[in-house]
Amino acid sequence: MSGMVRGKWLALLCLVPFALFFIVFEIAPLAWVLINSLQTEDSGWSLENFTRIFSSKFYLQAIQFSLEISFYSSVFGIIIATLGSYSLRRVDSPLRNFVTAFANMTSNFAGVPLAFAFIILLGFNGSITIMLKQAGIIQDFNLYSKSGLILLYTYFQIPLGVLLLYPAFDALREDWRESAALLGANGWQFWRHIGLPVLTPALLGTFVILLANALGAYATVYALTTGNFNVLPIRIAGLVSGDVSLDPNMASALAVVLVALMTVVTVVHQLLLKRSYHVSR
């Protein structure tokens with residue numbers, strides 16, 4: 001019995017460095033942001049910052065653009081990543097290891113290099129843009145618009161989605177498919193009643209991670225648009241750096257709104273997970 005107690009205390013002792021790290025670098029900055037969001041230079045403690053946010057068309061547009069770009073890029077990214085991960089699991093060749101390693105490398109290819117690469121390829125005078133125009137496939141394409149940013153975000157969502165979903169397909173056993181086929185189930189029925197329910201937790205979890213990844217993206221969109229596109233990370237950075245006006249309290253309020261959006265997404269994710277678990281049972 002004393003050995004078990006000693007083991008528990010040892011486990012708690014090993015947890016102390018992580019707990020300190022979590023408090024100092026996660027809880028404390030979040031508390032600081034929350035406190036500063038409730039302060040203004042003129043009125044002191046108040047909700048004025050949040051009132052200004054939700055009464056300003058400019059800030060509401062930033063929230064809308066952030067949500068739209070994050071949602072659509074996450075949807076497109078997870079669809080392509082799901083198809084790619086499933087295809088990789090079905091391919092038994094050295095190509096699978098190469099694609100997995102390539103996805104691992106490109107998942108870290110973001111920021112200024114990614115923006116520069118897309119400008120060279122799909123900018124107004126990009127090589128692919130010019131070829132598509134000459135072929136008559138497109139009339140015009142604006143990489144610096146919302147649709148262009150969705151395309152850019154989707155690019156760096158796909159490798160991350162592949163890395164997260166690839167292990168999830170290990171849960172699908174081949175004998176399940178064979179048993180379903182022997183019982184007369186076709187491919188759609190297998191995925192409807194067996195495949196998708198098994199993969200639902202991984203799909204939902206990956207979607208939430210992709211959404212958070214897109215909502216917090218800053219370097220890529222800043223490098224591409226030089227801070228001229230209205231999304232929440234750009235607005236927060238502008239208020240902190242003082243490019244136009246210095247207002248760290250308003251930046252803190254916008255950061256709280258961003259955290260609140262992710263909290264809502266996470267809560268919905270947990271509710272959907274519980275529902276899918278009960279349905280599968």
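Would you point out which residue out of I158, I130, I137 is open to solvent by 60 Å² or more (accessible area, probe 1.4 Å) and touching a helix residue (DSSP H, G or I) at 6+ places or on another chain (Cβ under 9 Å)?
I137 is the lone residue from the list that is open to solvent by 60 Å² or more (accessible area, probe 1.4 Å) and touching a helix residue (DSSP H, G or I) at 6+ places or on another chain (Cβ under 9 Å).
For the range 90-106, which residues satisfy the criterion of being exposed (fewer than 15 other Cβ atoms within 10 Å of the Cβ), among the polar types (S, T, N, Q) and not in a loop (DSSP other than H, G, I, E, B)? Full working, then the answer.
Here is the first cut: in the range 90-106, the ones exposed (fewer than 15 other Cβ atoms within 10 Å of the Cβ) are 90-95, 97-98, 101-102, 104-105.
Cutting the leftovers down to among the polar types (S, T, N, Q) gives us 93, 97, 104.
Within the range 90-106, N97, N104 meet the criteria.
Scan (1) free of Cβ contacts under 8 Å to residues at least 12 places away in the same chain; (2) at positive phi; (3) of a type outside the set (A, V, I, L, M) for the single condition N186 breaks and write down its number.
That leaves (2) as the condition not met.
Provide a single number: the residues in the range 16-31 that are in contact (Cβ under 8 Å) with a residue 40 or more places away in the chain and under 20 Å from L246 (Cβ atoms).
In the first step, residues of the range 16-31 are kept if they are in contact (Cβ under 8 Å) with a residue 40 or more places away in the chain; the result is 30.
Within this subset, residues satisfying the condition of being under 20 Å from L246 (Cβ atoms) are none.
Counting residues in the range 16-31 that are in contact (Cβ under 8 Å) with a residue 40 or more places away in the chain and under 20 Å from L246 (Cβ atoms) gives 0.
Can you name every residue in the range 195-229 that is farther than 30 Å from A115 by Cβ and open to solvent by 50 Å² or more (accessible area, probe 1.4 Å)?
L196, V198, P201
Which condition breaks for S87 when tested against (1) within 30 Å of G195 (Cα to Cα); (2) open to solvent by 80 Å² or more (accessible area, probe 1.4 Å)?
Status for S87: all satisfied but (2).
What number of residues within the range 161-184 are open to solvent by less than 40 Å² (accessible area, probe 1.4 Å) and either among the charged types (D, E, K, R) or over 19 Å from N97 (Cα atoms) (or both)? Steps first, please.
Within the range 161-184, the first condition is being open to solvent by less than 40 Å² (accessible area, probe 1.4 Å), and the residues that meet it are 161-162, 165, 168-169, 172, 180.
Cutting the leftovers down to either among the charged types (D, E, K, R) or over 19 Å from N97 (Cα atoms) (or both) gives us 172, 180.
Within the range 161-184, residues that are open to solvent by less than 40 Å² (accessible area, probe 1.4 Å) and either among the charged types (D, E, K, R) or over 19 Å from N97 (Cα atoms) (or both) number 2.
Out of everything in the range 112-127 that is in a helix (DSSP H, G or I) and touching a residue at least 12 places away in the same chain (Cβ under 8 Å), what residue ends up being most open to solvent (accessible area, probe 1.4 Å)? Working first, answer last.
Taking the range 112-127 as the starting set, the residues that turn out to be in a helix (DSSP H, G or I) are 112-122, 127.
Those still in the list that are touching a residue at least 12 places away in the same chain (Cβ under 8 Å) too: 112, 114-116, 118-119, 122.
On the way: V112: 96, L114: 1, A115: 1, F116: 130, F118: 23, I119: 58, L122: 29 Å².
Ranking the candidates gives F116 first.
When the range 36-58 is examined, which residues are found to be in contact (Cβ under 8 Å) with a residue 24 or more places away in the chain, closer than 19 Å to V259 by Cβ and assigned to a helix (DSSP H, G or I)?
Of everything in the range 36-58, those that are in contact (Cβ under 8 Å) with a residue 24 or more places away in the chain, closer than 19 Å to V259 by Cβ and assigned to a helix (DSSP H, G or I) turn out to be N36, S37, N49, F50, R52, I53.
Return the pair list, or none, for Cβ contacts closer than 6 Å from residues in the range 132-148 that are under 21 Å from F76 (Cβ atoms) and in a loop (DSSP other than H, G, I, E, B) to residues that are open to solvent by 50 Å² or more (accessible area, probe 1.4 Å) and aliphatic (A, V, I, L, M), at least 6 apart or on different chains.
I138/L132
Go through the range 44-66 residue by residue and tally those that are over 14 Å from D247 (Cα atoms) and open to solvent by 50 Å² or more (accessible area, probe 1.4 Å).
Residues flagged as over 14 Å from D247 (Cα atoms) and open to solvent by 50 Å² or more (accessible area, probe 1.4 Å) within the range 44-66 amount to 10.
Six or more apart or on different chains, Cβ atoms under 7 Å: show the pairs whose first residue is in the range 81-100 and in contact (Cβ under 8 Å) with a residue 12 or more places away in the chain and whose second is of a type in the set (S, T, N, Q) and open to solvent by less than 100 Å² (accessible area, probe 1.4 Å).
The qualifying pairs are L88/T100.
On the basis of being within 17 Å of the chain's Cα centre (by Cα), outside any helix (DSSP H, G or I) and not acidic (D, E), does F109 make the cut?
Details: within 17 Å of the chain's Cα centre (by Cα): yes; outside any helix (DSSP H, G or I): yes; not acidic (D, E): yes.
It is true that F109 is within 17 Å of the chain's Cα centre (by Cα), outside any helix (DSSP H, G or I) and not acidic (D, E).
The values are calculated or read from the model by the stated rules, or taken from the named source; none is laboratory data. This structure is a prediction, so every number in the text was calculated from the model and none was measured. With ideal geometry, Cβ positions are generated from the backbone for all residues, glycine too; neighbour counts draw on all protein chains shown. Ligands, DNA and RNA are stripped out before the accessible areas are found, and what is left, the full protein with its side chains, is counted by its heavy atoms. Shrake-Rupley method; radii C 1.70, N 1.55, O 1.52, S 1.80 Å.
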